[in-house]
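The values are calculated or read from the model by the stated rules, or taken from the named source; none is laboratory data. Note that this is a predicted model, so its numbers are computed, not measured. Reconstructed Cβ throughout: ideal geometry from the backbone, glycine too, with neighbour counts over all protein chains shown.
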């Protein structure tokens with residue numbers, strides 16, 4: 001597409017009182033790399049920038065171009081009228097079937113504690129409900145207290161715990 005939006009994803013756009021959630025554009029690779037650089041050192045290494053500086057902005061641009069419909073439910077979050085990305089929020093494949101996707105979100109640190117993750121996630125939960133999904137899942141590290149608070153506010157409850165090398169991974173669910 002001319003604006004760099006992956007094919008098949010341009011029809012999803014959500015709005016809240018303060019936010020717009022829109023499809024990814026190739027230009028979002030710069031903000032996406034900033035997220036990679038800010039990740040907590042307890043996050044598994046394959047989700048952080050490696051010793052060789054990968055992924056680079058160019059790597060992420062290629063990933064956005066190639067992703068197409070795979071990223072269709074994962075949306076960039078912006079403050080209305082400002083046009084700069086705060087983070088992303090949306091639905092990804094949970095591996096549990098098309099009616100039970102996983103809620104995923106990540107925000108730049110300078111936007112933490114301002115209610116953006118909760119507000120964006122509420123919009124995505126309502127969108128999922130309107131599309132006929134029956135339940136949502138969300139994985140979160142037990143040490144990630146901010147994300148655990150967001151999920152609690154949204155009504156997610158802990159389903160299982162998985163002890164892993166990087167900490168305890170909690171699986172939470174929310175019936176719709």
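The residue pairs whose first member lies in region 34-45 and is farther than 16 Å from residue 140 by Cα, whose second member is not in a loop (DSSP other than H, G, I, E, B), and whose beta carbons are closer than 7 Å, counting only pairs six or more residues apart or on different chains, are 35/106; 38/109. Please determine whether any residue of region 72-87 is over 18 Å from residue 18 (Cα atoms), within 11 Å of the chain's Cα centre (by Cα) and at pLDDT below 95. The answer is yes, given that some residue of region 72-87 is over 18 Å from residue 18 (Cα atoms), within 11 Å of the chain's Cα centre (by Cα) and at pLDDT below 95. Restricted to region 153-167, and to residues there that are assigned to a strand (DSSP E or B) and closer than 20 Å to residue 95 by Cα, the residue that is modelled with the lowest pLDDT is 164. If you go through region 103-132 and keep only what is within 17 Å of residue 172 (Cα to Cα) and in contact with a strand residue (DSSP E or B) (Cβ under 8 Å, 6 or more places away or on another chain), you end up with 103, 104, 105, 106, 117, 121, 124, 125, 128. For the structure I just gave you, tell me whether residue 150 is in a strand (DSSP E or B) and either surrounded by 13 or more Cβ atoms within 10 Å (Cβ to Cβ) or modelled with pLDDT of 95 or more (or both). So residue 150 does not fit the description; no.
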